[in-house]
Structure formats: C-alpha cells, structure tokens
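Comments concern the structure below.
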C-alpha cells in the first residue's frame, strides 16, 4: 500500500512538472530527455531530481521500446543500451528541423539508420 502510494505520488509530481504546452510525444521532449540521460551516464556523481529521473526514464523507455519492437531496427548482440541512447540523441541534435515529429518515430529512424535489419 505504501509502495503504491509512493508510485502514485511520483507520477503525480512528474506529470505536474510537465506544462500543458509541452508535447511530451515530440522529438523536442525526447531530445531534452535523452540529454539528461547522457549527462547522467557521463557524470556518475550527478544526482538527478525527480523531474530529471522522470525524463531519464522516458528516454530510456522510448529507446528500449523502439529497439525491441521495431522490425526496422536490428542491433547486434554487442550493442549496449547506452550506445543506442547516444545514437538517438545524436540524430535529434543533427536534425532540429524534425523535432516537431513524434519522438518514437524519430528514435526508430535514428536506430534503423544505425542498426538496419539485413534483407532476407
């Protein structure tokens, strides 16, 4: 019960941190989220607040979900999650003209370019 209340409280705080004019499905949101993720990966002494933790989880979840579910993305067994996050972040940084597009679609585009599936 206490654990459930804690999770609910976290989600309420995280949702409240998102202003109504921000589109959390866009590439802009994913860019900010993955920037936070890479900062945390590079600086092990960085302590994330609740908002940054939410954004970090958002990036990691989108990248992992697209990597696992997209038929266009086929990373080999040696590709680690942090590498995939960096691929997505680099693509987003290099293509600001596309940031209004859905973040999952942009992640798929980035990962499919970096880790394309071989033709049968």
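Where a number appears in this text, it was derived from the coordinates with a stated rule and is not lab data. Remember, predicted model here, so these are calculated numbers, not experimental data. Counting neighbours? That spans all protein chains shown, and the Cβs are built from the backbone with ideal geometry, glycine included.
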* **Anisotropy class of segment 73-120 from Cα gyration tensor, a/c 1.5 cut** => oblate
* Of the peptides 70-80, 34-44, how do they stack up when ordered by the mean number of other Cβ atoms within 10 Å, highest first? -> 34-44, 70-80
* To do: Could you give me the radius of gyration and the Dmax of segment 22-114, taking only the C-alpha atoms into account and expressing both in angstrom?
  => 12.5, 37
* Asked: Could you give the length gained on full extension between residue 39 and residue 76, defined as 0.36 nm per residue of separation minus the Cα-Cα distance, in nm?
  -> 10.8 nm
